[in-house]
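The values are calculated or read from the model by the stated rules, or taken from the named source; none is laboratory data. Since this is a predicted model, take the numbers as computed values, not measurements. Reconstructed Cβ throughout: ideal geometry from the backbone, glycine too, with neighbour counts over all protein chains shown. Areas reflect the complete protein model, heavy atoms only, side chains present, ligands, DNA and RNA absent. Shrake-Rupley method; radii C 1.70, N 1.55, O 1.52, S 1.80 Å.
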Amino acid sequence: MSISSGSISSSPAPVAYDPGSGPVLEVDDLHVEFRTRSGVVSAVNGISYSVDQGETLAILGESGSGKSVSAQAIMGILDSPPAVITGGGIRFQGRDMLTMNAEDQRQIRGPGISMIFQDALSALNPVYSVGFQIGEMFRAHRGTSRKEAKQHAVELMDRVRIPAAARRVNDYPHQFSGGMRQRVMIAMALALDPRILIADEPTTALDVTVQAQVMDLLKDLQRDTGMGLILITHDLGVVNEVADRVAVMYAGKIVETGTVDDVFTRPAHPYTLGLMNSIPQVEAKGGRLNPIVGQPPNLAAIPSGCSFHPRCPRARSGVAAAPGRDCVGDVPPLRLVVPGREAACHYSEEVLGV
Amino acid sequence: MSDPADIAAASVLPEPSAGEPLLEIRGLKKYFPLTQGIVFRKTIGHVHAVDGVDLTLNRGETVGMVGESGCGKSTVAKLLVALEKPTGGTILYKGQDVAKMGGRALKQYRREVQIIFQDPYGSLNPRMTVGDIVAEGWSVHADVAPRKGRLQRTQELLDRVGLNPDYVNRYPHQFSGGQRQRIGIARALALRPEIIVCDEPVSALDVSVQAQVVNLLEDLQDELGMSYLFIAHDLSVVRHLSDRIAVMYLGSVVEEGTEEQVYGSPSHPYTQALLSSVPLHEPALRGQKDRILLQGDVPSPADPPSGCRFRTRCWKAQDICATEPPALIDRGQGHPAACHFAEAREVVPVDVD
Amino acid sequence: MTDQQQRDLRHDEVEAGTQTVLGSPSIDVTDARQNSLWSDAWVSLKRNPLFWIGAFLGVFFVLMAIVPQLFSRGADPRACDLSNSKLPPSGAHWFGYDQQGCDYLANVAYGARNSLAIGLLSVVGVLVLGIVIGAMAGYYGGFLDSLFARVTDIFFAIPLILGALILLRVGPSTGLPILSDRGVGAVSIALAAFGWMTAMRLVRSQVIAVKSSDYVAAARAMGASNFRILTRHILPNAVAPVLVYSTITVGVLIAAEATLTYLGVGLQRPTISWGLQISSGQSLLRTAPHLVLFPSNILSLTVMAFIMLGDALRDALDPRQRS
């Protein structure tokens, strides 16, 4: 088998990017349920988003908002059962991944889309050296020989700025610090030059100084490779510093999307506004915080109408509500509020003050 | 304090005179032995978890302690609530050395210094009802609350921390993270402490819930006048709550001052790097702050660098840094920093409005 | 993070906020009484059908052990007539006759006492040894832990049957009160003495896991005594696996008694026990299968009863498993 770096062999459906064919990845009205013993939990209730080449989309949400579930659906790593995809589509370069066979899916996952996780320690196998694990990607997908795979691994470790890569390629995961492990994960994810990288809370387990290094690395790598990046996080600061566009999720739905600048400076959904108000600022002491009242909703019993209404200071129902815009009774659709901005609130205009 | 038991208890630990600090830590050290072997353990080294920390806590004050994982801040918390014995240094509470306290005095100390933990899942016994959890302290310190009416007092406490008082018979797993943290706060309050050590109390919570708990802590302090030692890695939360702040790196305090001094004119390179790494959530401020990207990782506390602990990652390091550990003193910046080349520098942009 | 915590975390991820729609409002009614783990466990036990089946079977066999004459349909287990040898079951004699021509139903009924006594006594011994040694090793750690761990390893190296066999062999020559007569007591002691190690390991590992949890730290910081920490915090969270294990062990130990009997060191005739019946029936399996069938089925039912009780108990003692 003759392999040179970057060549694709023995792959029946080579993944080549065709510019000009629209978004690389589209998620369309995706529904995911968890069918548990204690009832059906609707984790994702019809979310749609798309990612272009070279673009960073942040999916912002708190625990239980379903932000990671859609990514797991894309990667085909949902625990199923209990998880079931009950509707919608996931299109990679125009081809629906949910309807294609397992082998075709495998060809996309890795060379097309790859993912990094929050907990790098548990995502790496403790009994294999990191070099072997990075090389595994080449061996599995391209049939590269052991020796060459290791060479590629060293190159990749250099690329993710692991110092003394050639020396450390035979080390085991526990010999690396948290930040370095996350780099190893990134190296593995980048091995096959994916068009889309999904980063699920990539820096949550890291200290701020290391977080800054890793986010910096991700940004640089994205600039070099032109891949699309889906950043799943709960950290508004990270979103602001890294992402181009943001989709805010609440109770399994996207409640607001737009560019980070727009959404963060002038939120159109009361939930986003609440989030912005509830974080203390490092640049000023400020007065009392304004938290969102109440607790995040139970996904097994999502409130009727707008799922945020029990916690929303602007919620109105009955006579106070405009016809068809009752927060308790009518589900607000995700609609265009101002050009380039979508929000799922009956009263977004008021929130925006337009 | 009309309760006779209270007066008797109070006599064990005298009230400090006005102006005297409630708690004083001097040169606190904690080394954990590194051992090898199963039956016959032999010590092959020490982890210098805390290595010479000085700190003062006054009545009604909040002192923030920030640092990254492994800097020893949680060990300081454990030392303060006497879960660990210090290897060296002293903790003076109301003028008395905690290490020399015995029997009644130590029990009294344990009542007056309480702790709130980071992990809302692990800090409550899953097999106890919320009522039992909150009231447990009274079984140990029976003098705080008479047996009769404990249920009512438990309910009052739950109500005070924002939980439905009717939930006394529920179990921790029936609550969300934020609610569990409130239960932990109620448990600490039950003993009417003078000091609450908050060990990353909001780090595990969602942003929207974090703010609720931060507000609750502030309100409780206004109402009850206790002191907080607030430990966190989240610089913005620490700034929000604290009067004074100590920045820790690898077992020792590298900079200390009022929140304004530390955030406004950080003088230690580590503080500057730390502040510069915090992602700001306002688009208008993006790219306005100094970018200081540190190289590498925190060295192992089992084998800390000689001289200045930070020198291996510091861009200012010179020969002197490897030989002479810098003292935590004011070098003209208005507040102490442990750096030979301390220099005030504005890292975080001033608010635009 | 322990597995349980991770499961909890996951539970919260998926079912965040379940607390808002908690099913049973009755527990929130406060009648100046505070629920405890045990009273809540009882309430939940009462709702568990598994518990009722197990309890019914358990009571049935315990009753059989106490008053076997109620179950023997008037037959005397020792009134034998060799002419009836190995007769199969009939309407008058449901379980047939054994080799000596004794009524088998009466024999099985009268065998319950010794078998159950051995099973229960030895399991109590296993539990006491396992929990005490395991809790001390896990809680105090250090030298004590190393010592106990090595002792456990040594015992682990001795097979249960072999150890019990040797102990029972040398028993009579020691002149010790219970050990010297090969009765129920001696067999139970022998089985417990060589069967406690798994229980100890289970308790030890659980105690170590629980010991480092924050709620134990919280209790200690509060000034709670070691006794209080062990009994209120550590043991309730550490004994569940060992309880389940012990219910299964009851059956294993009853079977072990049968083996010891077969080897000639267990209970001696004319004592009646299921173990004796199964071991003597084995050689006649071809000609009179009912001699093995009935005592072994009854034994299985007994073991099942205990397993069901253990399962129900574990669920009841874990608030996270309830509704």
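Build a GNM of chain A with springs between Cα atoms under 10 Å apart, and of A:Gly287, A:Gly94, A:Gly237 the one that fluctuates most is A:Gly287. Considering only B:Gly45, B:Tyr171, B:Gly88, the residue lying farthest towards the positive end of the dipole of the stretch B:4-242 is B:Gly45, judged by Cα position with unit charges set on Cβ. The calculated 222 nm mean residue ellipticity attributable to helices in the protein assembly as shown amounts to -12500 deg cm²/dmol, summing -39500 (n - 2.57) over DSSP H runs of n ≥ 4 and dividing by all residues.
Sketch the reach of a paramagnetic label on C:Arg169 as a point 7 Å from Cα along Cα-to-Cβ, and name the residues of the stretch C:237-276 whose backbone nitrogen lies under 14 Å away. Of the residues in the stretch C:237-276, C:260, C:263-266 have backbone N under 14 Å from the label point off C:Arg169.
Across the stretch C:303-311, computed HN-Hα scalar couplings (Karplus, 6.51 cos²θ - 1.76 cosθ + 1.60, θ = phi - 60°) run 4, 4, 4, 5, 5, 5, 4, x, 4 Hz from first to last residue, x flagging Gly and Pro. Projected label points at A:Asp158 and B:Ala327, each 7 Å from Cα along the beta carbon direction, are separated by 4.9 nanometres. Model label sites at A:Ser38 and A:Arg325, defined 7 Å from Cα along the beta-carbon direction, differ in position by 3.8 nm.
Any chance you could list the semi-axes, whole Å, largest first, of the equivalent ellipsoid that the Cα gyration tensor gives for the protein assembly as shown, using √(5λ)?
57, 38, 32
About its Cα centre, what dipole magnitude does the protein assembly as shown give when the only charges are +1 on Lys and Arg Cβ and -1 on Asp and Glu Cβ, stated in debye to the nearest 20?
3560
Residues whose amide H comes within less than 5 Å of that of A:Val337, counting only those at least five positions distant or on another chain, are A:Glu342, A:Ala343 (H built at 1.01 Å from N in the peptide plane). Computed over the alpha-carbon pairs of chain C, the distance histogram in 10 Å steps reads 6, 21, 27, 22, 14, 8, 2, 0 percent, short to long. Per residue, the stretch B:26-134 exposes 38 Å² of solvent-accessible protein surface, assessed with a 1.4 angstrom probe and all protein chains in place.
A Gaussian network model of chain C, with springs between Cα atoms under 10 Å, assigns the largest mean-square fluctuation among C:Phe148, C:Phe227, C:Phe61 to C:Phe227. Its relative contact order, with pairs defined as Cα atoms under 8 Å and 6+ residues apart, puts the stretch A:93-230 at 32 percent. Between 0 and 90 degrees, the angle of helix B:207-224 with respect to the longest Cα principal axis of chain B falls at about 70 degrees. A Cα-only calculation for chain A places Rg and Dmax at 21.6, 75 Å.
Only protein heavy atoms count here; on that basis, with a 1.4 Å probe, B:Thr312 has an accessible area of about 80 Å². Straight Cα distances below 14 angstrom link C:Lys46 to the aspartates and glutamates C:Asp311, C:Asp315, with same-chain residues fewer than 8 positions distant left out. Using R0 = 45 Å, the C-beta based FRET efficiency linking C:Ser212 and A:Ser145 works out to 0.45. Loop-located trypsin sites (Lys or Arg not before Pro) in the stretch B:103-188 (DSSP state other than H, G, I, E, B) with a sparse environment of at most 11 neighbouring Cβ atoms within 10 Å: B:Arg147, B:Lys148.
Couplings 3J(HN,Hα) of the stretch C:83-91, computed from phi: 5, 8, 3, 6, 5, x, x, 9, x Hz, in residue order, whole Hz [Karplus 6.51 cos²θ - 1.76 cosθ + 1.60, θ = phi - 60°; x for Gly and Pro].
Note on B:Thr56/C:Ser146: beta-carbon distance plugged into 1/(1 + (r/R0)^6) with R0 of 41 Å gives a FRET efficiency of 0.45.
Computed as a quarter of the hull surface, the mean projected area of the alpha carbon convex hull for the stretch B:17-129 stands at 10.3 nm². Say the dipole of the stretch B:4-242 comes from +1 at the beta carbon of Lys and Arg and -1 at that of Asp and Glu; which of B:Val237, B:Asn58, B:Ala188 then lies farthest toward its positive end? Selected residue: B:Ala188. What pairs from B:Lys107/C:Lys211; B:Lys42/B:Lys73; A:Lys67/A:Lys253; A:Lys219/A:Lys253; B:Lys30/C:Lys211 go past 18 Å between their alpha carbons? Long pairs (Cα-Cα over 18 Å): B:Lys107/C:Lys211; B:Lys42/B:Lys73; A:Lys219/A:Lys253; B:Lys30/C:Lys211. The modelled label-to-label distance between B:Ile320 and B:Asp303, using points 7 Å beyond Cα along the C-beta direction, is 2.9 nm. Remark: relative contact order (the stretch B:301-345) = 29 percent; criterion is Cα-Cα distance under 8 angstrom and separation of 6 or more residues. Summed over both chains, the area buried between B and C is near 4000 Å², taken from the accessible surface of protein heavy atoms with a 1.4 Å probe. Ignoring the sites themselves, chain A has its longest run without trypsin sites (Lys or Arg not before Pro) in a DSSP loop having at most 13 other Cβ atoms within 10 Å at A:38-287. Accessible surface of the stretch B:268-337, 1.4 Å probe: 50 percent of it comes from carbon and sulfur atoms. Each Lys and Arg Cβ is given +1 and each Asp and Glu Cβ -1; about its Cα centre, chain A then shows a dipole of about 620 debye. Phi-derived couplings, Karplus 6.51 cos²θ - 1.76 cosθ + 1.60 at θ = phi - 60°, listed residue by residue for the stretch A:211-222: 4, 4, 4, 5, 5, 4, 4, 4, 4, 4, 4, 5 Hz, with x used for Gly and Pro. Near C:Asn84: Cβ cut-off under 11 Å, other residues only, Lys/Arg at +1 and Asp/Glu at -1. The net charge is -2. Residues whose amide H comes within less than 5 Å of that of A:Leu231, counting only those at least five positions distant or on another chain, are A:Leu57, A:Ala58, A:Ile59, A:Ala199 (H built at 1.01 Å from N in the peptide plane).
Considering only A:Cys327, A:Val214, A:Ile254, and ranking their Cα positions along the charge dipole of chain A that arises from unit charges at the beta-carbon of Lys, Arg, Asp and Glu, the one farthest toward the positive end is A:Val214. The relative contact order of the stretch B:4-242 comes to 24 percent, based on Cα pairs under 8 Å that sit 6 or more residues apart. For the stretch A:189-203, backbone nitrogen atoms closer than 17 Å to the point 7 Å from A:Arg95 Cα along Cα-to-C-beta are found at A:193-196. With respect to chain B, whose longest principal axis is taken over its alpha-carbon atoms, helix B:177-189 is tilted by about 70°.
Of C:Lys211, B:Lys73, the order by accessible heavy-atom surface (1.4 Å probe, DNA, RNA and ligands excluded), from most exposed downward, is C:Lys211, B:Lys73. Overall, the ratio between the Cα radius of gyration of the stretch B:268-337 and 2.2 N^0.38 Å, rounded to two decimals, is 1.31. Using every pair of distinct Cα positions in chain B, the Kirkwood expression returns a hydrodynamic radius of 21.8 angstrom. In this calculation the C-beta distance from C:Tyr262 to C:Leu301 is compared with R0 = 30 Å, giving a FRET efficiency of 0.90. Among the trypsin sites (Lys or Arg not before Pro) in the stretch C:227-323, those located in a DSSP loop and surrounded by at most 16 other Cβ atoms within 10 Å of their own Cβ are C:Arg286.
Loop-located chymotrypsin sites (Phe, Trp or Tyr not before Pro) across the stretch B:267-353 with a Cβ neighbour count of 12 or fewer within 10 Å are B:Trp315, with loop assigned by DSSP.
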